[in-house]
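Since every read-out is calculated from the coordinates, none of them should be taken as a lab result. All of these numbers come straight from a predicted model, not from anything done at the bench. Cβ: placed from backbone, ideal geometry, glycine included. Neighbour counts: every protein chain shown.
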Amino acid sequence: MSGGNIMIRNYDKLIFELSKEGRTGYSLPKNVFKEKYSLCSLPSNLKRECAPELPEVTEFDVVRHYTNLSNKNFGVDTGFYPLGSCTMKYNPRLNEEISALPSFAALHPDAPVETAQGALEVYYNLAASLAEISGLAAFTLNPYAGAHGELTGLMIMRSYHQQRGDTKRTKVIVPDSAHGTNPASAAVCGLEIVEVKSTADGTVDVEDLKPLLDDTIAGIMMTNPNTLGIFETEIPEIARLVHECGGLLYYDGANLNAVLGKCRPGDMGFDIMHINLHKTFSTPHGGGGPGDGPVGVRAGLEALLPNPQVKKDANGKFYIDTDEKSAGYVSNFLGNFGVLLRAYTYILTLGRENVKMVGPLAVLNANYVKESLKNEYYLPIEGVCKHEFVFDGLADKSTGVTTLDIAKRLLDYGYHAPTIYFPLLFHQSIMIEPTETESKETLDEFIAVMKKVAAEAVENPDVVKSAPHSTPVRRLDETTAARSPKTTYRQLVG
Ligand SMILES: *Cc1c(COP(=O)(O)O)cnc(C)c1O
């Protein structure tokens, strides 16, 4: 190439100010309807006095700008995404196709039930499948997310006690390892939170639980496997104790992926649970949704499920019902229907046999990664984990390299960072969840990179401490980025 005046455009630098006076994206043909629909007929208070201050760009500028931006995105479709607790599994494209079918996607939420029988059947059948998978009697699909499901479940718990005239039960027990949404949902529901401690092996401490149980306890919220990826083995005893004191057991089903097809919360003694369809049952998520958080209850609590409820009459016709014992309304309509369709498609494509493989394969993958890395990273809780596990930073504590540094360095190698600094039980938590959909090759590559980062931390700690080096922006002030994002394309002066 000749050495002319070639400017290398660096697409890693985000160029936002592209406007050039006079440029337009398109030109419209002359308005032949002018006489009939003249702008002059608009009332003057609706008319603009000066032109809108929009960027003046060609369509091509816009397409190129957004395409380059989208290439900076990271998702399950671009690479390995071991974000613990979030179950970032592959979402089959078939689910997308089904949820986009016009007969579903174009259905009005207020359509008369006669014209919405197919959609109601999907709702009814999915609820029945979830009931069978979890060993409970009935499900509502109305809540929009896991946390929303928790609130719904706690409303059911509160209504159960209130309708029995047992009004003293205002406290709910939450383990110290719980996801932050558990105490938050309890607080929103007006319940007082009592914390129960974990033992050194990461499970709920039954001896710490016993003195907390009295006639003011509405119930306990548990996650199983818990947020450390450890199976709670004392559940039969905990269920006996909590029921004996008159409380109910709530199961946070966000980690259901680990036990899918192996064991059922209903059989363990739980009364109420939620499932995160967007985690276990495959819907693209992250960045805020959409999701769905169905709530199931054991026999005897069905009437308390939120209104409206979908039912089937003796002739096989579906109808929408309300129950006066219901804990109330939690959503305008019948859940995020597009997510329900994806989950239903996912369950039907896997079938009874393959649904049973999800949990065991997720557990196998997690244990493979954990065992392969436990010399380089500090494993605070030994033994078989379920679908995820937690390291407490590097095994070599002398390097000064933190969990944040490791997470940032992984970005340079093309990986989404694991969940960091959660759970709060350890100072340097790194929580890894590979999911069942990753191949051994992908896991091996990730293991090699994690080992490389651990080696760098010893040999060249500065390169890890100053990572990332390859991303468009370096280390952000994450609080400010979340609290006061700059949402204008204009460069802000000063
Ligand atoms: C994800 C998660 C939640 C919250 O679910 P959302 O759908 O994000 O509201 C609750 N508990 C646990 C253990 C989780 O992992």
What percent does the relative contact order of the range 350-494 come to when contacts are Cα pairs within less than 8 Å and at least six residues apart?
24 percent
The chain - mean residue ellipticity at 222 nm from DSSP helices (-39,500 (n - 2.57) per run, n ≥ 4, rounded to 500):
-10500 deg cm²/dmol
Could you work out how much longer the chain between CYS50 and SER484 gets when fully extended? Use 0.36 nm per residue separation minus the Cα distance between them, nm to one decimal.
153.3 nm
Subtracting the Cα-Cα distance of ALA395 and THR471 from 0.36 nm times their residue separation yields 24.6 nm
Efficiency of FRET from Cβ geometry, THR216 and GLU459, R₀ 45 Å, rounded to 0.05:
0.20
Which of LYS386/LYS465; LYS89/LYS356; LYS370/LYS440; LYS89/LYS370 exceed 20 Å between C-alpha atoms? The answer is LYS386/LYS465
Could you rank the peptides 240-246, 468-474 by their average count of other C-beta atoms within 10 Å per residue, with the highest value first?
240-246, 468-474
Quote the relative contact order of the chain in percent (integer), defining contacts as alpha-carbon pairs under 8 Å separated by 6+ residues.
18 percent
DSSP bridge pairs, the chain: antiparallel proportion in percent, nearest 5
50 percent
I need the phi-derived Karplus couplings for the range 428-434: 6.51 cos²θ - 1.76 cosθ + 1.60, θ = phi - 60°, integer Hz, Gly and Pro marked x.
10, 4, 10, 10, 10, 10, x
When each pair of different Cα atoms in the chain is counted once in the 1/r mean, what is the Kirkwood radius in angstroms, to one decimal?
25.7 Å
So, in Å, what gap is there between the alpha-carbon centers of the range 315-368 and the range 387-405?
36 Å
Using θ = phi - 60° and the Karplus form 6.51 cos²θ - 1.76 cosθ + 1.60, what ³J(HN,Hα) does each residue of the range 163-178 get, whole Hz, x for Gly and Pro?
5, 8, x, 9, 7, 6, 7, 10, 10, 10, 8, 10, x, 5, 8, 5
For LYS171, counting only aspartates and glutamates whose alpha-carbon sits under 12 Å away and dropping same-chain residues fewer than eight positions off, the answer is GLU192, GLU195, ASP214, ASP215
For the range 248-327: lysine pairs with Cα atoms under 30 Å, gap of 8 or more or different chains, count?
8
Just the Cα atoms of the range 359-481, one point each, no solvent: what log10 I(q)/I(0) does Debye give at q = 0.11 Å⁻¹?
-0.36
